[in-house]
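Here it is, the structure in full.
Rule-based calculations on the coordinates, nothing more; no lab input. None of these values were measured; they are calculated from a predicted model. Quick reminder, even Gly has a Cβ in these numbers, built from the backbone with ideal geometry, and neighbours come from all protein chains shown.
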Amino acid sequence: MHAGAQVRHGQADETAFYRREIHSRVVNFHKVTWLLALMVACALGLMLLAMPIGYGLLPPAWLEPAGIATGLAGAFLLLSAAYLKRRVDVDMTRLMGDFKIAHARQDTDALTGAFVRNRFLGDLSEAILRRRSVGGEVALVVFDVDHFKQINDGFGHPVGDAVLQFCVRAALKTFHGATVGRMGGDEFALFVEHDSPITASYLDRTCNEFLASLREGFHISHRRQSVSASIGIAIAPVDAARADMLFGHADIALYESKRAGRATWRFFRPEILADKRHERFVERELRAAILLHEIKVLYQPIVDCDGNLVSLEALTRWQHSSRGSINPAEFIPVAERSNLIHDLGLAVLRQVCIDMAELPDVTVNVNVSARQLQLTHFQEDYLAIAAKAGVHPSRIVLEITESSMLEASGSLNKRIEGLRQAGFRIALDDFGMGYSEFNQLRTLPFDIIKIDKSYIQSLGSDEVTDIFVSAVVAVATHLDRAVVAEGVETDADIVKARLAGCGLFQGFLFDKPLTVEGLKGKYIVSPDYAERKPRLTA
Ligand SMILES: [Mg+2]
């Protein structure tokens with residue numbers, strides 16, 4: 001990336017040099033033109049002046065040589081003028097040629113020879129306009145190299161570069177007459193124009209051939225490097241009549257093909273537009289937000305019967321640079337559906353570990369998604385962050401939703417048990433929403449149970465709820481697990497939750513999620529926390 005930027009910068013310098021040079025040559029050309037005109041005028045004047053002077057002053061015998069000398073001087077001046085003009089013309093032609101080459105180089109990617117983004121989009125716009133007036137269609141095909149990062153990391157950047165070059169060669173070979181552009185990193189796009197409607201069967205066949213040639217791969221360092229790509233396709237003017245919109249649609253189709261397992265292609269369908277375009281946007285922005293540290297963490301207290309602090313739940317907040325605060329309900333599901341949820345989880349844990357030094361000495365709960373638990377490297381990643389920050393895992397409670405626990409297979413249960421053995425505590429989050437049966441409670445590996453706010457808020461008004469909560473508390477107490485009542489918002493809520501047997505509480509009645517600064521000096525750590533600790537960490 002950096003090298004690319006340098007190349008681009010060098011090309012810009014080169015073009016600027018030619019621009020300056022041409023400007024100074026043009027100025028010189030004007031000077032030379034004036035000089036030529038002056039020389040021609042001098043030659044003519046010389047001849048005109050010489051004649052009467054010669055006739056009047058010179059002896060007849062000198063007239064002839066003087067005439068010849070004047071003629072020769074005039075001819076010399078004329079020839080010099082013609083020669084100068086020719087020199088300037090040749091010079092200008094050569095310079096303009098060099099300038100065109102330099103300009104073309106600025107429009108193409110130095111590594112792959114594909115057009116750079118702006119040039120590609122400009123050409124795509126022109127093609128769409130052209131087809132609008134003469135008829136026919138433009139198919140836009142965007143593709144990403146699958147697992148490019150792994151290729152770069154595993155085999156080194158020279159192989160990564162060779163892969164990108166190979167992809168462009170393969171694309172040009174398969175899609176006849178295509179214009180190819182590099183959109184950045186390992187993202188490419190190409191378009192083909194046809195006089196008649198472009199059929200799905202043509203695109204199916206060509207994409208198939210393209211993927212086959214990528215699979216076939218190429219030779220590098222005495223071995224064969226196979227490549228795969230995910231492809232998204234949109235057609236103008238059917239799917240969109242503007243280059244940027246068409247590109248957006250092809251991008252959505254590309255996303256679909258990645259979701260379908262990569263190494264395949266998908267056509268844009270209008271049905272996926274409504275939700276997918278937004279989702280894709282949020283996903284991209286979220287990815288950037290994680291990198292730019294726009295993700296903030298707030299802490300909501302969990303207190304005991306006396307209002308003393310027992311634990312803190314870390315909650316994710318996204319402060320977007322231009323859109324302001326974005327609701328977790330908007331971005332968490334998007335992160336869940338993409339592969340970003342783990343990156344987001346790691347970013348939150350990192351921040352929590354940093355904040356630990358300034359937080360009260362209680363456990364901090366972090367929310368973990370079911371998708372993250374399926375990752376084989378989950379425990380390793382979380383332990384590495386805690387170890388790097390010098391935080392003992394016992395200070396971290398992993399909140400896992402009941403529904404993801406219920407989906408848990410035997411191996412996942414083992415993984416959760418492994419996390420407990422590594423020192424992490426496990427909280428069963430939003431309990432009651434997953435419709436688990438009580439006997440399952442005995443087999444699920446957890447230390448703390450958090451009863452969902454919908455139950456807490458309808459305590460006392462719904463008999464089934466009352467029985468349910470009391471039964472959960474009874475089972476948890478029997479198993480020596482702590483019980484947290486979530487969503488405690490009124491004095492009546494806390495009274496009823498206490499009556500049902502809950503010992504710990506979380507909700508707006510105590511506090512909304514607070515910053516590290518906001519927490520300072522606000523709470524007393526539960527005095528029997530040390531006593532409670534074994535219960536929390538049973
Ligand atoms: Mg939670």
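What spacing in nm lies between the two simple spin-label points modelled at Ala471 and Asp107, each 7 Å away from Cα in the Cβ direction?
Label-label distance for Ala471 and Asp107, simple model: 7.4 nm.
Between 0 and 90 degrees, rounded to the nearest ten: what's the tilt of helix 340-355 against the longest Cα principal axis of the chain?
Roughly 70 degrees between the two axes.
At a 10 Å Cβ-Cβ cut-off, how would you order Arg317, Arg87, Arg481, fewest neighbours first?
By the 10 Å Cβ count, ascending: Arg87, Arg317, Arg481.
By how many nm would the segment from His219 to Arg317 lengthen if fully extended, with 0.36 nm per residue of separation less the alpha-carbon distance?
30.5 nm
Please give the contour-minus-distance gain from Val134 to His392: 0.36 nm per residue of separation, less the Cα-Cα distance, rounded to one decimal in nm.
85.9 nm
Once the piece of chain linking Asp91 and Asp204 is laid out straight, how much longer is it, given 0.36 nm per residue of separation minus the C-alpha distance between them?
Full extension of this stretch gives 35.5 nm more.
Continuing with this model, one more query. Per-residue ellipticity at 222 nm for the chain, helices alone: DSSP H runs ≥ 4 residues times -39500 (n - 2.57), over residue total, nearest 500 deg cm²/dmol?
Calculated from helices alone, the mean residue ellipticity at 222 nm is -19000 deg cm²/dmol.
Taking 8 Å as the Cα distance limit and 6 or more residues as the minimum spacing, I'd like the relative contact order of the chain as a percentage.
So the answer I get is 9 percent.
Oh, and also: At a Förster radius of 56 Å, what calculated FRET efficiency corresponds to the Cβ-Cβ distance of Arg262 and Glu358, to the nearest 0.05?
0.85
Per the Kirkwood definition applied to all pairs of different Cα atoms, how many angstroms is the hydrodynamic radius of the chain?
Its Kirkwood hydrodynamic radius stands at 29.7 Å.
Neighbour counts of other C-beta atoms within 10 Å: give me Lys85, Lys258 arranged from fewest to most.
Ordered by Cβ neighbours within 10 Å, fewest first: Lys85, Lys258.
Please rank Glu126, Glu463, fewest neighbouring Cβ atoms within 10 Å first, as an exposure proxy.
Final ranking by Cβ density, sparse to dense: Glu463, Glu126.
As a quick test, which of the pairs Lys414/Lys512; Lys450/Lys512; Lys496/Lys520; Lys296/Lys520; Lys258/Lys296 have an alpha carbon distance above 24 angstrom in this structure?
Flagged as over cut-off: Lys414/Lys512; Lys496/Lys520; Lys258/Lys296.
Need the C-alpha centroid separation for region 275-313 versus region 124-192, integer Å.
37
Something else about it: Between Leu35 and Glu417, what is the label-point separation in nm under the 7 Å Cα-to-beta-carbon projection?
Simple spin-label model gives 9.4 nm for this pair.
Calculate how many DSSP beta bridges within the chain are antiparallel, expressed in % of all such bridges and rounded to the nearest 5.
So the antiparallel bridges amount to about 60 percent of the total.
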